[in-house]
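Asks: I'd like to ask some things about the structure below.
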């Protein structure tokens, strides 16, 4: 029987530890149902999934983590934000929950992390949805490969030094920060932007507001797996895979660029009138497609 308070009671805040970092996640309850993990993208937070979680909470035990350096999770000392560190964090969380197999819906950076996790542990994931989670396009990876190792490392050092000198931007009000969020994603309604901002900012001592994410998450690692290695991990994924893309996003089409061929059992769904944040830009349609995919 459905809890009569389910429509008004939100998720519980929980914490776990990975690499000595105290990391936060939202637990929407319903533990007797299959586990569904929702993994946000870079510079976002777990509450990005609130609309999706509310729509699917009757069918799943939903857990949405704040990645390290994001939301209410601890920041990494030394700026350790490589994909491998994030994958470890997800592995630690799922082992703590111990509710396999898990279904995963993930966005952008979260998609990259989740696809790698699924390729490492294919027997632990039942289905996965990745919204623009394939990372840089083949063309971009080719550009990166043209840079010598010393150039990549020098560039990374310079980038990290620049971030050390960068002061986080402060906003006079939540409304001002929400307007900035709408500038980044023009598809957001004012209501969506305010909800995401309320959960994405912290009040400073002087009364201003700043984003919760660590600026060091902006930096790209100087060395990363090459395209063949990434595709080899994707090829280990055995579960049904849904790749999602907004037609008005900067992300390249994985059918046209050939990346979908690395997957054994993947399909692509393009959403017209959506940018990078498909789950925000076409929320109702996205939920309908995901529900059918996960429960079908």
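No value in this document is a laboratory result; all are computed from the given coordinates. Worth saying up front: this structure is predicted, and the values here are computed from it rather than measured. All Cβ positions, glycine included, derive from the backbone under ideal geometry; neighbour counts span all protein chains shown.
Asks: Order 184-192, 201-209 from most to least packed using the mean count of other Cβ atoms within 10 Å. Don't jump to the answer; show the numbers that get you there.
Replies: Values: 184-192: 14.1, 201-209: 12.2.
Put in order of decreasing packing, that is 184-192, 201-209.
Asks: Let me ask something else about it. Once the piece of chain linking residue 124 and residue 203 is laid out straight, how much longer is it, given 0.36 nm per residue of separation minus the C-alpha distance between them? Walk me through the numbers on the way to the answer.
Replies: Numbers: separation 79, 0.36 × 79 = 28.44 nm, distance 3.92 nm.
Stretched out fully, the residue 124 to residue 203 stretch lengthens by 24.5 nm.
Asks: Using only the Cα atoms of the range 131-276, build the gyration tensor, take square roots of its eigenvalues as a ≥ b ≥ c, and label the shape rounded, prolate or oblate: rounded if a/c is under 1.5, else prolate if a/b is larger than b/c, else oblate. Each step should come with its number before you reach the end.
Replies: On the way: a/c = 2.62, a/b = 1.34, b/c = 1.95.
It is oblate, given that a/c is not under 1.5 and a/b is not larger than b/c.
Asks: Just subtract the alpha-carbon distance of residue 295 and residue 92 from 0.36 nm times their residue separation and send over the number in nm, one decimal. Show your work: numbers first, answer last.
Replies: Details: separation 203, 0.36 × 203 = 73.08 nm, distance 2.61 nm.
Length gained between residue 295 and residue 92: 70.5 nm.
Asks: P(r) of the range 14-65 in 5 Å steps, Cα pairs, percent per bin?
Replies: Using 5 Å bins, I get a P(r) of 5, 21, 27, 24, 14, 7, 2 for the range 14-65.
Asks: Only Cα pairs within less than 10 Å get springs; with that Gaussian network setup on the chain, which residue of 90, 157, 230 has the largest fluctuation?
Replies: Of 90, 157, 230, the Gaussian network model singles out 157 as fluctuating most.
Asks: I need the shape label for the range 73-213. Rule: rounded when a/c is under 1.5, else prolate if a/b > b/c, else oblate, with a, b, c from the alpha carbon gyration tensor. Write out the running numbers ahead of the final one.
Replies: On the way: a/c = 1.72, a/b = 1.20, b/c = 1.43.
Because a/c hits 1.5 or more and a/b fails to exceed b/c, the range 73-213 counts as oblate.
Asks: Moving on. Assuming R0 = 51 Å, what is the FRET efficiency of residue 20 and residue 140, from their Cβ-Cβ distance, to the nearest 0.05? Can you show the working numbers first?
Replies: Numbers: r = 33 Å, r/R0 = 0.65.
So the FRET efficiency works out to roughly 0.95.
Asks: Additional query: Provide the FRET efficiency to the nearest 0.05 for the residue 159-residue 184 pair, computing r from the beta carbons and using R0 = 35 Å. Each step should come with its number before you reach the end.
Replies: Working: r = 20 Å, r/R0 = 0.58.
So, using R0 = 35 Å, E works out to roughly 0.95.
Asks: Let me ask you something else. Counting helices only, and only those DSSP H runs with n ≥ 4, report the 222 nm mean residue ellipticity of the chain as the sum of -39,500 (n - 2.57) divided by its residues, in deg cm²/dmol to the nearest 500.
Replies: Values: 10 runs with 106 residues, N = 296.
Mean residue ellipticity at 222 nm (helix-derived): -10500 deg cm²/dmol.
Asks: Can you tell me the relative contact order of the range 73-224? Whole percent, Cα pairs under 8 Å, sequence separation 6 or more. Mind showing how you got there, number by number?
Replies: Values: 142 pairs, mean separation 32.8, N = 152.
Result for the range 73-224 is 22 percent.
Asks: Now for a different question. Using 7 Å Cα-to-Cβ label points, what is the residue 82/residue 257 separation (nm, one decimal)?
Replies: A separation of 2.3 nm, rounded to one decimal place.
Asks: Take the Cα pairs of the range 215-294, get the Kirkwood Rh, then feed it into Stokes-Einstein at 25 °C and 0.890 mPa s and tell me D in µm²/s. Intermediate results must be reported in sequence, preceding the final value.
Replies: Values: Rh = 14.4 Å.
Reported coefficient: 171 µm²/s.
Asks: If you count, for each residue, the other Cβ atoms within 10 Å and average over each peptide, how do 114-120, 217-223 line up from highest to lowest? Numbers along the way, then the final one.
Replies: Numbers: 114-120: 23.7, 217-223: 15.1.
Final packing ranking: 114-120, 217-223.
Asks: Mean 1/r over all different Cα pairs, inverted: what Kirkwood radius does the range 9-153 give, in Å? Show your work: numbers first, answer last.
Replies: Details: mean 1/r = 0.0634 Å⁻¹.
Kirkwood hydrodynamic radius for the range 9-153: 15.8 Å.
Asks: For the range 192-296, calculate the relative contact order in percent as a whole number, restricting contacts to Cα pairs under 8 Å that are 6 or more residues apart.
Replies: It rounds to 21 percent for the range 192-296.
Asks: Indicate the gyration tensor shape class of the range 1-92 (rounded, prolate or oblate), computed on the Cα atoms with a ≥ b ≥ c the square roots of the eigenvalues: a/c under 1.5 is rounded; otherwise a/b larger than b/c is prolate and the rest oblate.
Replies: Working: a/c = 2.39, a/b = 2.20, b/c = 1.09.
Prolate.
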